[in-house]
Number of protein chains: 4
Amino acid sequence: MQLAMVGLGRMGANIVRRLMKDGHDCVVYDVNQDAVAALAAEGATGASSIADLASKLQKPRAVWLMIPAGLTGSVVDQVAEVLEAGDIIIDGGNSNYRDDVRRAAKLQDTGIHYVDIGTSGGVFGLERGYCLMVGGHDEAVAHLEPVLRTIAPGPGDIERTPGRTGDYTPEERGYLHCGPSGAGHFVKMVHNGIEYGIMAALAEGLNVLNNADAGLKQGEHSAEVAPLEEPEFYQFDIDTAKVSELWRRGSVISSWLLDLTAAALAQNPTLDGLAGRVSDSGEGRWTVKAAVDTGVPVPVLASSLFERFASRGEDHFANQVLSAMRLQFGGHQELPAGDVLEAGGKKADSSSS
Amino acid sequence: MQLAMVGLGRMGANIVRRLMKDGHDCVVYDVNQDAVAALAAEGATGASSIADLASKLQKPRAVWLMIPAGLTGSVVDQVAEVLEAGDIIIDGGNSNYRDDVRRAAKLQDTGIHYVDIGTSGGVFGLERGYCLMVGGHDEAVAHLEPVLRTIAPGPGDIERTPGRTGDYTPEERGYLHCGPSGAGHFVKMVHNGIEYGIMAALAEGLNVLNNADAGLKQGEHSAEVAPLEEPEFYQFDIDTAKVSELWRRGSVISSWLLDLTAAALAQNPTLDGLAGRVSDSGEGRWTVKAAVDTGVPVPVLASSLFERFASRGEDHFANQVLSAMRLQFGGHQELPAGDVLEAGGKKADSSSS
Amino acid sequence: MQLAMVGLGRMGANIVRRLMKDGHDCVVYDVNQDAVAALAAEGATGASSIADLASKLQKPRAVWLMIPAGLTGSVVDQVAEVLEAGDIIIDGGNSNYRDDVRRAAKLQDTGIHYVDIGTSGGVFGLERGYCLMVGGHDEAVAHLEPVLRTIAPGPGDIERTPGRTGDYTPEERGYLHCGPSGAGHFVKMVHNGIEYGIMAALAEGLNVLNNADAGLKQGEHSAEVAPLEEPEFYQFDIDTAKVSELWRRGSVISSWLLDLTAAALAQNPTLDGLAGRVSDSGEGRWTVKAAVDTGVPVPVLASSLFERFASRGEDHFANQVLSAMRLQFGGHQELPAGDVLEAGGKKADSSSS
Amino acid sequence: MQLAMVGLGRMGANIVRRLMKDGHDCVVYDVNQDAVAALAAEGATGASSIADLASKLQKPRAVWLMIPAGLTGSVVDQVAEVLEAGDIIIDGGNSNYRDDVRRAAKLQDTGIHYVDIGTSGGVFGLERGYCLMVGGHDEAVAHLEPVLRTIAPGPGDIERTPGRTGDYTPEERGYLHCGPSGAGHFVKMVHNGIEYGIMAALAEGLNVLNNADAGLKQGEHSAEVAPLEEPEFYQFDIDTAKVSELWRRGSVISSWLLDLTAAALAQNPTLDGLAGRVSDSGEGRWTVKAAVDTGVPVPVLASSLFERFASRGEDHFANQVLSAMRLQFGGHQELPAGDVLEAGGKKADSSSS
């Protein structure tokens, strides 16, 4: 079928390539006309403007936006200007599902359908396919089924879930109509919230392994930090690169994120050069806020988010407050980084707390 | 090569079967002689006692114990009685790595080697192979290499980690000599700690999805519970069974634990009949304690453990204390389960807190 | 000075009483005219309607609303109808500070001032005074200073903070102009967020004390739950009522919430009759959401909120998911409540995870 | 009565002073003979050795050790050498309660009593008195009652807990016999665990206040960090020094730790010069480990401990692992500290996760 793509960054362009490879007809537009030309050279129909794009589409038109979340609102408005009742606008970017709910409501009178698609797959999506979480009206989503099926990974060689038989369902092909407008990005949001939690579980565990040699290190604790009490049990020099490779085979925690961890540690076993300032995009935050709104306890998902905040120093004032209190109640001075064990005389006083 | 197995429960028996299928010679013992007879019928050499077992082995003898952790200490002692310097005792069960450290030290004078092997793989291990995390002296571990290679999954059809070339390393075959005695169970311990975290991330996320319909439910909140503020954003009736199946394809969080989740939800989409009292075995606890000992922050791993405690009602007294405080400072009565929204008049008073 | 009070629930009425005791002139209104009559009998001027109330006030009128948060919006509108430029509407209830920001903006054209006051003090406020966190324009807040000073606790016999000298500042008298509209409820919101955290710290700690006798209890753990490893260290039968009383004297954690805990446990040492279903009002949730918005790590505040959610069973589906996964990977059956230690044979198999 | 003090650091010396002021007879010893001379000048009886100390005491002798936890074991042994059946050794330091259990067992055959006393009060104890948590045999603790009563704060002017009448109980005087040997330090351990939680609740909350101006700051977020979505709600410039002073009066969270916070912020409102590297002594760790052992969920107490670990950079490797994974799956580069908002084009690609 025919699909228009607005936004030809890495993901937009790769989705177009995946579609064309499967025989779909793509009309493409980007403010960067070089990007348009590049895909036109690969077989797409280029457009010089959004109006031009619309004019090159058969009805019902389907226009997929793959653009930065901050721009989506205004581009939806521009696209809606040149579309008609029965046409479909697809937001395949990283929008907050609340914006989908609002945009769908706003478009309702025009008869233009709004479909939100959460898209997971990363740089591997071109080959591996993209996992698609779709929200919108039944009619519009049904119309898009051929392109969704192409963009998604398909059943592949993944072992079928026990109990599932017969024809493959959409979810087994890697796309799912999750509900009305917003449902797609809602599910994608939670997906990313889970992703943060899994990443943190792996990272924390590897950090424990990395410190299994604590008993081999001498004199690195000061009187203000609890000394290692049983150093004989922390004498292991664990190779985390090898362990993460090992766990890929037959272990309960084998996973794609573990695959990536193993790859990263194979390339850079000590992770030299990484400062450990971990970014977060909106989904992890929105997941925690949705959980708070609906009264769902998510200590793991929230902790993983807060660890990222702290990794960027956002815990600094809180830590200063703690140091300030300790200074007040016990005269505890802060330790300089790398301070060594002091004579014990000071320790008795800390009984004061 | 030849290996003796003591303890013919599901895992012990399956490891023996996997070994025999690959041509190894197995001598087996269990207090349950029916279990011995069953495996003898499949080709193993049965033993009637531990002494009998030792007599049927060539030196250096290798005796693998696959027995409940609570019994391991005394069986190690019994086996050590009938072995000699250069022989090897393997603990493949769920021991605390600290017991390994102690047992290895205790055996040192006898010249008997002690090898601890953390084993992951569950009920799928017979076919899929077991991920083996090994601790012990180089010499002993080297001697066991042929059986480790058989028990482990091997490279299989798992995509090779980018950057790895040449012959497959042991970790790519699914077994790894992690360090001296205790290192195997230490790595297995952390593996399980991570497992708890990943499981919790998935469970919390699915719980958020499961409550995405909060805005569709009427009158279920009382004056003492914060009402849903923007019900228009929680109107989704998400099918968690379909979503977990979907995420198996192309998503960042695809993992074996997700596969199991999808299987569980495919069989029982509402999870009827499960009370949600979640057990924990020692490894998750030991991981948190090791992290505390070595000063490693593990909020995600610890939270996942505490959620299990709470699922069994171990938070009860704490919650009573909270209710008691609330009753003191604001006259807030506890809400009965399922209480409905009361007239707002009471709410103003809660400003008192 | 003169102040009007709309909403004569416990807090509204007590503030009026505190004001009259200090010589202020109060005009009062409530939909419940009995409440109006009661306060009129104590010296207040009763009003039969909001319009009547307005007519009985000198300009600039100051009208304090002490009503359920859900009603505040519409009552603000009604009161604004009968006021004029220069008059002041005060919201002393539990509003979300975001509503203050919106309401102040909405009133801007009318010239009516909007002042939000977060009020802490509970049932003890009548005697002890109320801690007042105030947001709004300088001019309006300055006009209210006489009543704020009366309602607040004053310096009392609380030891002065070292380094503070000279006249008492407003904050030392128990009220503070925190910033523009919304700032008062923002500070109150965070206050309550902290309150949740402190309450949880006390509750968790007392729960640890309450389980210090774990080693004295026999056979209460099953094979699926990690058994107590060193029962000799958990042989204490601690009296939490006495301990909480003890800590009130000279300890670092002495606090008003501890006072309440000691009072609750003195009355009901076993907390019989409390189900431990802990409510939450909006502030704890809003605090976590504000922290997430601004990238501030708040693991303690969030955990204390999530514990309340879990106390009401909101973790149920997540726990079912965990049990379902365990059933899949290891054949682990859930434990019935109160299950006892099984023979060890089953434990070995749990090595499979 | 007569008491011997071994260890004349700040706390030991101040306890002696408090005892002498109340008429008790103190015999004192320290390896630092200047400290002995100083207290002798104030009226104590100095001793030149532990043997000399013992010789100057009437039976049953009571010897209080106030020394660094790391030295306590050997000093207990030395003191036991010169004591006799019926004498009492008191450990008033910061010992792990497990050491108390072990030491009491070891001394059992000698007939020497071992009493452990957890002591809270900090630098204010000399004037304010020390909160004493006592473990040991009834007989020995009863013998010490006169000195415990003196060292403790007494009922003071703290409002009596409602429901308590008649003579003041020991816990109302500030000391409590909590149970057998170890119970004192166990209760003190949990006290400090709670302290960590309360401190963290205050610190996190103040950090939220400190970031209430996030909407006023421009261009400080990059494409890889979720931008502030509703800056209009974060326009407050809150004075945390004033707010912490305010909350001391009439608020629900008034507490001694808040008093200290207010004092610290009064002296240094921006906390300049504090690096925010927060130390931890053993009690917070032991509390979490005891909770894990006994299956008690303590997410708040554990989170507060982990925040301290992270404040010292112990989360570094975990954060590097997270950055490494992000680099793998989405090509996300780490952000340099202080990076500014990039053009939006990059953001679309982050949809890949």
State, to one decimal in nm and shortest first, how far the label point of residue B:165 sits from each corresponding label point in the other identical copies (label point: 7 angstrom along Cα-to-Cβ). 4.8, 7.7, 8.9
Less than 12 Å Cβ to Cβ from residue C:194, Lys/Arg counted +1 and Asp/Glu -1: what total charge do the surrounding residues give? -2
What nm value, rounded to one decimal, do you get for the distance between residue A:157 and residue D:58 when each label is placed 7 Å out toward the C-beta? 9.1
Subtract the Cα-Cα distance of residue B:216 and residue B:25 from 0.36 nm times their separation in residues, and report this length gain in nm to one decimal. 62.4 nm
Out of residues 5 or more away from residue D:86 or on other chains, whose amide H comes under 5 Å of its own, with H placed 1.01 Å from N in the peptide plane? D:112, D:113
Distance between the C-alpha centers of the stretch D:246-269 and the stretch C:124-152? Whole Å please. 19
In sequence order, what are the phi-derived ³J(HN,Hα) couplings for the stretch D:7-19 according to the Karplus relation 6.51 cos²θ - 1.76 cosθ + 1.60 with θ = phi - 60°, rounded to whole Hz, with x for glycine and proline? x, 10, x, 3, 6, x, 5, 5, 5, 4, 4, 5, 5
Here the stretch D:43-92 gives, from Cα atoms, an Rg and Dmax in Å of 10.7, 30
Among the listed pairs C:217/D:289; B:289/C:289; A:106/A:188; C:106/D:242; C:242/D:188; A:21/A:56, which are separated by more than 24 Å between their Cα atoms? B:289/C:289; C:106/D:242
Relative to the longest principal axis of the C-alpha atoms of chain D, give the angle of the C-alpha long axis of helix D:138-151, reported between 0 and 90° and rounded to the nearest 10°. 70
May I ask you to report, in nm to one decimal and beginning with the shortest, the distances from residue A:139 to the same position in the other copies, taking label points 7 Å along Cα-to-Cβ? 5.6, 8.1, 9.3
Cut-off under 5 Å, modelled amide H: who pairs with residue C:46 long-range: C:28
Here the equivalent ellipsoid of chain D, derived from its Cα gyration tensor, has semi-axes (largest first, whole Å) of 50, 24, 19
Can you name the residue in chain B whose Cβ lies closest to the B-to-A rotation axis, and give that gap in whole Å? B:255, 2
In whole percent, how big is the carbon plus sulfur part of the accessible area of the stretch A:116-186, probe 1.4 Å, protein atoms only? 51
Phi-based couplings in Hz for the stretch C:43-50 (Karplus 6.51, -1.76, 1.60; Gly and Pro marked x): x, 7, 8, x, 10, 9, 7, 5
Mean Cβ neighbour count within 10 Å, used as a protection proxy, ranking C:76-83, D:159-166, B:280-287 highest first: B:280-287, C:76-83, D:159-166
Of all beta bridges DSSP finds with both residues in chain B, what is the antiparallel percent, to the nearest 5? 20
Note, residue D:203: beta-carbon cut-off 13 Å, +1 each Lys/Arg, -1 each Asp/Glu, net -3
Would you grab the residues whose amide H sits under 5 Å from the one on residue B:65? Only those 5+ places off in sequence or on another chain, please, with H modelled 1.01 Å from N. B:6, B:90, B:91, B:92
Along Cα-to-Cβ, 7 Å out, sits the label point; list in nm, shortest first, how far the one on residue B:74 is from those in the other copies. 4.0, 7.3, 7.7
If each of residue A:123 and residue C:109 carries a label point 7 Å out from its Cα toward its Cβ, how far apart are those two points in nm? 5.4
On a straight-distance basis, which aspartates and glutamates could pair with residue D:59 in a cross-link, Cα separation under 13 angstrom, same-chain partners fewer than 8 positions away excluded? D:84, D:87
Enter the Cα centre distance for the pair the stretch B:81-106 and the stretch B:296-332, rounded to the nearest angstrom. 39
Net +/- balance of residues flanking residue A:271 in space, Cβ distance below 14 Å, scoring K and R +1, D and E -1: -2
For peptide C:265-275, what's the mean number of Cβ atoms from other chains within 10 Å of each residue's Cβ? 5
Semi-axes, largest first, in whole Å: what does sqrt of 5 times each Cα gyration tensor eigenvalue give for the stretch B:164-223? 45, 16, 5
What is the helix-to-structure angle for C:97-107, meaning the angle in degrees between its Cα long axis and the longest Cα principal axis of chain C, kept from 0 to 90 and rounded to the nearest 10? 20
Once the principal axes of the Cα atoms of the stretch A:1-94 are found, what is the range along each, listed largest first in whole angstroms? 30, 28, 21
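Before we go on, tell me the buried accessible area for the C/A pair, both chains summed, 1.4 Å probe, in Å² to the nearest 100.
So the buried area, both faces added, is about 1800 Å².
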On average, how much accessible surface per residue is there in the stretch C:93-174, in Å², for a 1.4 Å probe, leaving out ligands, DNA and RNA? 42
With the crude spin-label approximation of a point 7 Å out along Cα→Cβ, what separation in nm comes out for residue A:229 versus residue D:1? 3.0
Using alpha carbons only, how many degrees (0 to 90, rounded to 10) separate the axis of helix B:316-330 from the longest principal axis of chain B? 20
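The values are calculated or read from the model by the stated rules, or taken from the named source; none is laboratory data. Predicted model only: the values in this text are computed from it and were never measured. All Cβ positions, glycine included, derive from the backbone under ideal geometry; neighbour counts span all protein chains shown. Just the protein is used for accessible areas: all its heavy atoms, side chains included, with ligands, DNA and RNA removed. Shrake-Rupley method; radii C 1.70, N 1.55, O 1.52, S 1.80 Å.
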